[in-house]
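Read the structure below first, then the notes.
The values are calculated or read from the model by the stated rules, or taken from the named source; none is laboratory data. Since we're looking at a predicted model, the values are computed, not measured. Please note: Cβ atoms are built from the backbone with ideal geometry, for glycine as well, and neighbour counts cover all protein chains shown.
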Amino acid sequence: MAKQGRRLWFIGFAGALFGLSSGIPGAQAAPIRVVASTQSLVELVQIVGGPDVVVQGVLQRGENPHALSPRLLPGARGQWKEVSWVVRNGLGLEDAWLGPLQAAQTDPALRKGGEKDWDASRSANLLAPPVGGPRLGENHPTSNPHFLLDPRNGIRVAEALGKALSKADPEHAAGYEARFQEFRKKREAQIQAWQKQLKSWAGKVAVTDHAHLTYLWSWLGVSAEATLESAPGHPATPEHLEKLVQEMKSRQVKVFFMQSGSPEGLARAITRRTRAKALSVDPSGQESQWDRLIEILAKSP
Ligand SMILES: [Zn+2]
C-alpha cells in the first residue's frame with residue numbers, strides 16, 4: 001500500500017477519487033463516503049459498512065496518533081469532497097492534526113461539532129478521568145482516549161456506527177445491521193476465549209512507555225500500570241526512570257510495552273537494566289491486530 005496509501009488523497013484529486021457519484025435517476029446509489037481519523041476506525045467502518053461504504057483513513061497504519069505527521073502539516077488542508085461522515089476517536093486525540101483539517105472544510109457540517117462529524121468516544125464505555133484532571137500539556141487532554149484497546153468498546157462503537165450509517169443510508173440498513181451482528185457474535189466469542197487465555201494477567205503489574213494500554217489492563221484486571229512517561233506526553237525525569245526500574249526489578253516485570261514507532265533509546269536502557277523484554281504494540285487498537293496482541297500477551301505476564 002506504500003505509495004498509494006501514503007497519498008494525501010483529499011488534496012485536489014479527491015474529486016477524481018470520489019467523483020463517480022452520478023446523481024442520475026435510476027443509477028445505483030453511490031456508497032457512503034467516510035473519512036476516518038485512525039486505522040482502527042477505518043477497520044470498524046469497513047466491518048460494518050462493507051460494500052456500501054468507501055472509507056479513507058487520515059492516519060496510516062502504524063502512525064502514532066499523538067505525533068504530528070509531516071503529511072498533516074497546514075499545507076495539507078484540502079477539501080473533502082462528497083464526504084458523508086467524518087468518523088473520529090474524540091477525547092482530544094486528533095485535535096492537533098484532524099482539528100485543522102476539519103476547520104478548513106467549507107462544508108460546516110464536516111467541521112468539529114457539525115452534523116457530519118461523528119465522535120466514537122460517545123459510544124464507548126470510558127474509564128474515569130484522572131482525579132484533579134490532566135496536567136497542563138498532557139496529550140490525554142480530557143481522559144485516556146485509547147478506549148478501543150478494550151475489545152468490548154469495539155463492539156459498542158461498531159453498533160453505534162451501524163445505527164448512524166443506517167440513518168444516513170436507510171436503503172442499506174439491513175446490511176449494516178447484519179454485518180454488525182456478525183461482528184458482535186464473533187467478537188463476543190473471542191472475548192470469552194481471550195479472557196480465559198489471559199487470566200494470569202489479573203493482579204499483575206504492567207509497564208509501558210505511554211498509557212496507551214490502560215483500557216486493556218483494566219479489562220484484564222491488571223492491578224497496577226506504570227509508565228515511562230511521568231504523565232501522558234511528559235518525558236520521564238531521571239528520578240522517575242530510576243523509580244520505574246526499581247519497581248520493575250522488585251516486582252519482576254518481564255515485559256516493557258512500547259507504542260509502535262516510539263524511540264528505542266530509553267527502552268533499551270530499561271530492558272538492559274531490568275532484563276525485561278521490550279514489545280511494540282500499536283496504540284490504536286486495530287481490529288486486525290487483536291490476534292497478534294493476544295498472542296503477545298499470552299506469552300508475557
Ligand atoms: Zn495516548
query: How do the pairs read when you match residues in the stretch 54-66 that are under 9 Å from Ser284 (Cβ atoms) and among the acidic types (Asp, Glu) with residues anywhere that are at pLDDT below 85 and within 13 Å of the ligand (Cβ to nearest atom), using Cβ under 8 Å and keeping only pairs 6 or more apart or on different chains?
result: Glu63/Gly261
- prompt: Restricting attention to the stretch 127-153, which residues are at pLDDT below 90, within 11 Å of the ligand (Cβ to nearest atom) and either outside any loop (DSSP other than H, G, I, E, B) or of a type in the set (Lys, Arg) (or both)?
  reply: none
query: Going by the conditions given, is Gly50 at positive phi, at pLDDT 90 or above and either over 19 Å from the mean Cα position of the chain (by Cα) or assigned by TED's automatic domain parsing to the domain that holds His210 (or both)?
result: yes
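Name the residue that is farthest from the ligand (Cβ to nearest atom), counting only residues in the stretch 154-163 that are farther than 17 Å from Gln192 by Cα and surrounded by fewer than 21 Cβ atoms within 10 Å (Cβ to Cβ).
Only one residue fits best here, namely Lys163.
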- line: Arg88: passes all of (1) modelled with pLDDT of 95 or more; (2) away from the ligand (no atom under 16 Å from the Cβ); (3) closer than 16 Å to Gln286 by Cβ; (4) not β-branched (Val, Ile, Thr) but (2)
- line: So, first residue polar (S, T, N, Q) in the stretch 78-93, second residue within 16 Å of the ligand (Cβ to nearest atom) and at pLDDT 90 or above, Cβ within less than 7 Å, six or more apart or across chains; the pairs are Asn89/Ser37; Asn89/Thr38; Asn89/Leu41; Asn89/Ala120; Asn89/Ser121; Asn89/Pro145
message: Return the residues of the stretch 92-126 that are part of a loop (DSSP other than H, G, I, E, B), within 16 Å of the ligand (Cβ to nearest atom) and within 21 Å of Leu161 (Cβ to Cβ); say none if nothing qualifies.
response: Gly92, Leu93, Glu94, Ala124, Leu126
message: I need a count of the residues in the stretch 266-288 that are among the polar types (S, T, N, Q), away from the ligand (no atom under 16 Å from the Cβ) and crowded, with 19+ Cβ neighbours inside 10 Å.
response: 1
message: So, in the stretch 41-73, exactly how many residues are out of contact with any Pro (no Cβ under 7 Å at 6 or more places or on another chain), surrounded by fewer than 24 Cβ atoms within 10 Å (Cβ to Cβ) and outside any helix (DSSP H, G or I)?
response: 12
- prompt: Within the stretch 207-250, how many residues are surrounded by 15 or more Cβ atoms within 10 Å (Cβ to Cβ), of a type in the set (Asp, Glu) and over 17 Å from Ser300 (Cα atoms)?
  reply: 2
- request: Go through the stretch 207-224 and give me each residue that's more than 15 Å from the ligand (Cβ to nearest atom) and of a type in the set (A, V, I, L, M, F, W, C).
  value: Val207, Trp219, Leu220, Val222, Ala224
